[in-house]
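The values are calculated or read from the model by the stated rules, or taken from the named source; none is laboratory data. Predicted, not measured: the structure shown is a model, and the values here were computed from it. Virtual Cβ from ideal backbone geometry, glycine too; neighbours counted across all protein chains shown.
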Amino acid sequence: MIKQELYFSTDIESDGPIPGINSMLSFGTAVFSPKGELIDTFTANLLQLDGAIENPATMSWWKENLAAWNKCREDPKDPAIVMKEYYDWINFRCNTELAVPVFVGYPAGYDFLFIYWYLMKFVGNSPFSFSALDIKTYASAVLKKPYRECTKRKFPAKCFSKECKHTHITLDDAIEQGYLFINMLNENTKGISL
């Protein structure tokens, strides 16, 4: 039996560009069925890593986004505990839906880097293996445009959910980006040109 895919749209926030040297501060994941149903969510704020440093440029950006900073610093938890809970949650969702997990990010090269590093460090395994689906790359193929021209500003309006806003709060952004991907996926699989 071929299992369906579940799309784990994930957004992270950090205090710098590189996991291990810098810390993941918060992450949110929204799970979508291929038909676009929002199935479940997971979010957590994390304690900073022992010995890690804050990147000055990133911290300067945070000073301009204080509402999101304050939100991602509420009740931070031990990453070792959170990542085990996250790993178990992913497997539970996939077992419940008889599905395989697909990590979806925008940009996946950044968000997946942190999630994968944290999963490997604290759990020793990744349900996503070592692959991720990048929304911008998918958009480049669907829209038939060069990768660098595929910014959200240039996506067709019908790709976006009117109810979702990009707030730099991880769960908000994971949901927003999940709908963006699902809308593109559904239009593409129906053979409709965006």
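At-a-glance table
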| quantity | calculated |
| --- | --- |
| Qualifying position, being in a loop (DSSP other than H, G, I, E, B), surrounded by fewer than 17 Cβ atoms within 10 Å (Cβ to Cβ) and without any contact (Cβ under 8 Å) to a residue 40 or more places away in the chain, among Ile53, Ile81 | Ile53 |
| Residue tally, condition within 16 Å of Val82 (Cβ to Cβ) and touching a helix residue (DSSP H, G or I) at 6+ places or on another chain (Cβ under 6 Å), over segment 16-39 | 7 |
| Matching entry among Gly105, Gly51, Gly36 (being under 19 Å from the mean Cα position of the chain (by Cα) and at pLDDT 95 or above) | Gly105 |
| Failed item, numbered, when Cys94 is tested on (1) surrounded by 18 or more Cβ atoms within 10 Å (Cβ to Cβ); (2) within 15 Å of the chain's Cα centre (by Cα) | (2) |
| Residue in segment 166-174 that is of a type outside the set (Val, Ile, Thr), closer than 24 Å to Asp15 by Cα and surrounded by fewer than 19 Cβ atoms within 10 Å (Cβ to Cβ) present | yes |
| All positions within segment 97-136 that are among the aliphatic types (A, V, I, L, M), within 23 Å of Glu37 (Cβ to Cβ) and assigned to a loop (DSSP other than H, G, I, E, B) | Leu98, Ala132 |
| Selection within segment 143-165 - closer than 22 Å to Asp11 by Cα, among the hydrophobic types (A, V, I, L, M, F, W, C) and outside any loop (DSSP other than H, G, I, E, B) | Ala157, Cys159 |
| Out of Ser60, Ser23, sole residue that is of a type outside the set (D, E, K, R) and surrounded by 19 or more Cβ atoms within 10 Å (Cβ to Cβ) | Ser23 |
| Conditions (1) over 18 Å from Ser33 (Cα atoms); (2) over 12 Å from the mean Cα position of the chain (by Cα); (3) modelled with pLDDT of 95 or more; (4) crowded, with 16+ Cβ neighbours inside 10 Å: number failed by Ala139 | (3) |
| Number of the condition not met by Asp111 [criteria: (1) under 19 Å from Leu25 (Cβ atoms); (2) of a type in the set (D, E, K, R); (3) surrounded by fewer than 15 Cβ atoms within 10 Å (Cβ to Cβ)] | (3) |
| Test result for Trp69, surrounded by fewer than 17 Cβ atoms within 10 Å (Cβ to Cβ), assigned to a helix (DSSP H, G or I) and aromatic (Phe, Trp, Tyr) | no |
| Residue within segment 18-36 that is in a loop (DSSP other than H, G, I, E, B), of a type in the set (Ser, Thr, Tyr), in contact with a strand residue (DSSP E or B) (Cβ under 7 Å, 6 or more places away or on another chain) and farther than 22 Å from Tyr138 by Cβ present | yes |
